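Below you'll find the structure, written out as structure tokens, and then a few comments.
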Amino acid sequence: MKKFSSLILFLSLVGYSFSSKLTEIQYRNEFTSWMSRNQRSYASEEFITRYSTFKSNLDFINQWNSKGSETILGLNKFADITNDQYRENYLSEPFDSLSSPLIHIKKEGEEVSKNNGVDWRKQGAVSSVKNQIGGCGSWPLSAIGATESAHFLANQKDHLVSLSEQNLIDCSNLNKPCYQGKVNEAFQYIIDAGGIDTEESYPFNGGERGKCNYNSSNSGASLSSYKKVISGSESSLESAVSLKPVATYIDASCLSFQFYSSGIYYEASCSSTDLNLSVLVVGYDSSSSSSDSKYWIVQNSWGTSWGEDGYILMSKDRGNNCGISTMAFYPIV
């Protein structure tokens, strides 16, 4: 009788496993709907490959969400590409964050922020979400975003001055391929050049590197220095973000990040040292007594269709998850 009961339990679990996946008609309807929303069309051979990838990604999303995680995943513009393709096209090559020199933002014994939270978007100090295009990656966008915010807050402007990402792409980090550029080196370029041109005077041309055409008469902002958050210290990052938005690097390589939709993002599998995406931390919420409910407010650069209107809430005070405080910089006007 016990063997029979065990068999029934086994068959019910197997049945649940199979039933948790969609039928072929359901997969096809989901894919057709997704293609329409994202304006995709394929030749017959490519359709087969993309459809197979889509099904695999949808299975992962459904399986993840069925566990009741605080992180909610969903179909987005990456649903027809593999994780390898996503990493190759949207992330930079992982770099050794531990080799970066430390520039401490506070002296020993200095108090950290006591604020329960801050959201610089509410002060009008954060520019709109951009959409990463071209081969240079995310660093120009987060560097410009941090500079725009710092300039706004330092000068008490009534509106943000839009600055030129293309200026950085064409003129900074010239000793290396554009996709290997770094936020701190972008800040150093602005310091050395004496400024950064406005977006209006030096418009975006597709994100590919061209001739440097910086003109100081068109400068919209300048920097005097920049500082680095103490590596791995989320309390140090909190102190910095309480002053202004901060550009940082994270590990965004996991499938869960690729398909993030809403909720507080926590990924046990991500690295705190192999970092591959530069983002802008624009606030945090530490009001909850539970570490699971604390989060960083992070602006990404993949358009507003990704995440929560282009943002992600990343877990805070949970062991520097995904390296949120490993390589973080902010500029000084």
- Ranking of Ile72, Ile297 by count of other Cβ atoms within 10 Å, fewest first: Ile72, Ile297
- Whole-Hz ³J(HN,Hα) from phi, Karplus 6.51 cos²θ - 1.76 cosθ + 1.60, for segment 47-54, glycine and proline x: 4, 4, 5, 5, 5, 5, 5, 4
- Cα axis of helix 139-155 to longest principal axis of the chain: angle in degrees, 0 to 90, nearest 10? 50
- Message: Can you give me the angle between helix 24-37 and the longest principal axis of the chain, using Cα atoms only, in degrees from 0 to 90, rounded to the nearest 10?
- Response: 20
- Task: Taking amide H positions as placed in the peptide plane 1.01 Å from N, state which residues far from Lys227 in sequence (5 or more) or on other chains have amide H under 5 Å from it.
- Result: Tyr330, Ile332
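Defining a contact as two alpha carbons under 8 Å apart and six or more residues distant in sequence, what relative contact order in percent does the chain show? Numbers along the way, then the final one.
Numbers: 645 pairs, mean separation 72.8, N = 333.
So the answer I get is 22 percent.
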- Task: Can you tell me how much longer the chain between Ser290 and Thr49 gets when fully stretched, taken as 0.36 nm per residue apart minus their C-alpha distance, in nm with one decimal?
- Result: 82.4 nm
- If you put +1 on each Lys and Arg Cβ and -1 on each Asp and Glu Cβ, how big is the dipole of the chain around its Cα centre, in Debye rounded to 20? 660
- Item | Pair Asn213, Phe60: separation of 7 Å Cα→Cβ label points (nm) | 4.0
- Among Asn65, Asn218, Asn155, which one shows the biggest mean-square fluctuation in a GNM of the chain, springs joining Cα atoms closer than 10 Å? Asn155
- Given a cut-off of under 8 Å on Cα pairs at least six residues apart, what relative contact order in percent is computed for segment 212-276? 27
- Pulled fully out, how much extra length does the chain show between Ala154 and Ser222, if you take 0.36 nm times their separation in residues and subtract their Cα-Cα distance? 23.4 nm
- Note on the structure: Isolated cysteines for the chain, Cβ-Cβ cutoff 4.7 Å, are Cys254
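Determine, for each peptide in 183-191, 199-207, 256-264, the mean count of other beta carbons within 10 angstrom over its residues, then list the peptides with the highest first. Provide the component values of the computation, followed by the final result.
Working: 183-191: 23.3, 199-207: 15.4, 256-264: 20.9.
Peptide ranking by packing, descending: 183-191, 256-264, 199-207.
Bear in mind that the values in this text are calculations on the coordinates, not laboratory data. What you see is a predicted model, and the numbers here were worked out from it, not measured in a lab. Because the Cβ atoms are built from the backbone with ideal geometry, glycine has one as well, and the counts that use them run over all protein chains shown.
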